[in-house]
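The structure appears right after this line, and notes come after that.
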Amino acid sequence: MSGYTHLPKLVARFEERFGRAPTVAARAPGRVNLIGEHTDYNDGWVLPAAVELEVDVVASPREDGRVRLLAADLDRLGEFELGDSRPPEDLWMRYPQGVAVMLGRDGRRLSGMDTAYTGDVPIGSGLSSSAAVEVAFGNAFAAVSGLDIPPEEIAMAAHHAENDFVGVPTGVMDQFISALGRAGHALLLDCRTLEHRHIPINLPGVSMVIVDTNVRRELAGSEYRNRRADCEEAVRRLRQRLHGVRALRDVSPEQLEASADLLDDVRARRARHVVTENARTLEAARALEAGDARRVGELMYASHESLRDLYEVSSPELDAVVEIASSVPGVIGARMTGAGFGGCAVALVEDGAVEALRGRIEAEYPARAGRRADVYVSKPVEGAGATVLGTE
Ligand code: GLA
């Protein structure tokens, strides 16, 4: 049983609060996206991997259709009734309740439960802590209810919970990788058809390093919506000439250049990022599989530049991390990961250079950013799951 890193502590908290033992445990990891940024809501491709940071849930069924939840880190208790589809005031409760609502909407009979959860995916850092909470609860509800729900359906329920219940208009990437990750692999996901393929990260002697700028994404909400609107407007204008285009996914870099006169400067830059990022993502998947580390690295740097200059979602702190990383011998590639405006960067680094990178970040980042960064090294891990702990 891999993962479940918080289980002993969490079981103790559950027993202390509810006076009985939990019968099931579920877990779901956070993620980094290796490449394919701001492409998911454009029906494009993404290439994320699940990371060692995760959310754990323990639970025992209840007969009465109620859900009592203990947020172990916040030390708060909440409660809702299955079938209640009104979003609660408390933001933290919307994630589990949203998942219950979305799983129930498709006619599944869920059991009530007493439940507790905790995790170490830093909140607001761009490593998808909210998707991890949603997907972990999707697995917990399936397990206490005795339902065998395919991971794709848990991911979709979690995605709808985030968009329609929590109210954050994200794409499908985060919930899919959390639900479907595979150890040692990245996930190439077609965000239109939801077809996906596990791509072996065939780079022996290379580590995935995550650097948290410790800048939280205050701007991200409104700017994220603006970027989505820019892309939709670009599609509307391109359709005047390129018939049948439903999303930027349908436009090749050559087609875009031939029709760029239909777009104003800002929309043209946004669209250029998306169409070239789609091409980079497909190429990176091929290079990863072929073990071509150098090419993957070049594509990561190109992705960062495009996000910085064309899509304008990077930040001085993210740029500082990528710049520092790029000057360390043995760093193969680096880029911001996630929505941007703060959060994390990801780098592929030769094992022997990880400590040098950590040292350089510790030495140079605080002077440039006025704060320290957190550095994590992670393997790509298995996606979410659930397990039986025993009966009462
Ligand atoms: C956030 C969203 C994802 C995706 C990324 C940008 O992480 O949750 O759906 O859009 O931003 O690639």
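The values are calculated or read from the model by the stated rules, or taken from the named source; none is laboratory data. Bear in mind that the values here come from a model prediction, so they are computed numbers and not experimental data. Here the Cβ is made from the backbone with ideal geometry for all residues, glycine too, and neighbour counts use every protein chain on show. When the accessible area is computed, the model is the full protein with side chains, heavy atoms only, and any ligands, DNA or RNA have been set aside. Shrake-Rupley method; radii C 1.70, N 1.55, O 1.52, S 1.80 Å.
Estimate the FRET efficiency between residue 222 and residue 106 by the formula 1/(1 + (r/R0)^6), using the beta-carbon distance for r and 35 Å for R0, to the nearest 0.05.
Details: r = 32 Å, r/R0 = 0.91.
Efficiency, rounded to the nearest 0.05: 0.65.
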Quiz item: So what's the net charge close to residue 198: Lys and Arg +1, Asp and Glu -1, counting the other residues with Cβ under 15 Å from its Cβ?
Solution: 0
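Mind checking the per residue accessible area of segment 289-392 for me, 1.4 Å probe, whole number of Å²? Walk me through the numbers on the way to the answer.
Working: 4370 Å² over 104 residues.
Ligands and nucleic acids excluded, the figure is 42 Å² per residue.
Once fully extended, how much extra length lies between residue 372 and residue 15, figured as 0.36 nm per residue of separation less the alpha-carbon to alpha-carbon distance?
Working: separation 357, 0.36 × 357 = 128.52 nm, distance 3.73 nm.
Here the segment from residue 372 to residue 15 would lengthen by 124.8 nm.
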Exercise. Report the FRET efficiency, 1/(1 + (r/R0)^6), for residue 77 and residue 382, where r is their Cβ-Cβ distance and R0 is 25 Å, rounded to 0.05.
Key: 0.25
Quiz item: Carbon-plus-sulfur fraction of the accessible area of the chain, 1.4 Å probe, in percent?
Solution: 48 percent
Quiz prompt | Inter-site label distance for residue 305 and residue 239 at 7 Å from Cα along Cβ, in nm | solution = 3.4 nm
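Which GluC sites (Glu not before Pro) does segment 63-169 hold that lie in a coil by DSSP with at most 13 other beta carbons within 10 Å?
Working: sites: 63, 79, 81, 89, 134, 152, 153, 162; in loops: 63, 89.
Sparse-neighbourhood loop GluC sites (Glu not before Pro): 63, 89.
At 0.36 nm per residue, and after removing the present C-alpha to C-alpha distance, how many nm does the segment from residue 163 to residue 289 gain when stretched out fully?
Details: separation 126, 0.36 × 126 = 45.36 nm, distance 3.29 nm.
The residue 163-residue 289 span can extend by a further 42.1 nm.
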Quiz item: Looking at the square roots a ≥ b ≥ c of the eigenvalues of the Cα gyration tensor of segment 278-370, which shape do they give, rounded for a/c under 1.5, prolate if a/b is larger than b/c, or oblate?
Solution: oblate
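Multiply the residue separation of residue 364 and residue 190 by 0.36 nm, subtract the distance between their alpha-carbon atoms, and state the gained length in nm to one decimal.
Numbers: separation 174, 0.36 × 174 = 62.64 nm, distance 3.81 nm.
Between residue 364 and residue 190, full extension yields 58.8 nm more.
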Quiz item: Rounded to the nearest 10 Å², what accessible area does residue 9 show when all protein chains are kept and the probe is 1.4 Å?
Solution: 120 Å²
Quiz item: Once every DSSP H run of n ≥ 4 in the chain is given -39500 (n - 2.57) and the sum is divided by its residues, what mean residue ellipticity at 222 nm do you get, rounded to the nearest 500 deg cm²/dmol?
Solution: -13000 deg cm²/dmol
Quiz prompt | Nearest 10 degrees, 0 to 90: helix 129-145 Cα axis against the chain principal axis | solution = 40 degrees
Quiz item: In whole angstrom, and with the biggest value first, how far do the Cα coordinates of segment 60-204 range along each principal axis?
Solution: 49, 32, 27
Practice problem: Work through the residues other than residue 385 whose Cβ is under 14 Å from its Cβ and net out their charges, Lys, Arg +1 and Asp, Glu -1. | Solution: -2
Self-check item: Helix axis angle, 265-290 relative to the chain longest principal axis, alpha carbon, degrees
Solution: 70 degrees
Self-check item: segment 19-95 and segment 106-180: distance between their alpha carbon centers, rounded to Å
Solution: 5 Å
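Would you mind working out the accessible area per residue for segment 23-138, using a 1.4 Å probe, and quoting it in Å²? Please list the in-between numbers first.
Values: 3620 Å² over 116 residues.
I get 31 Å² per residue for segment 23-138.
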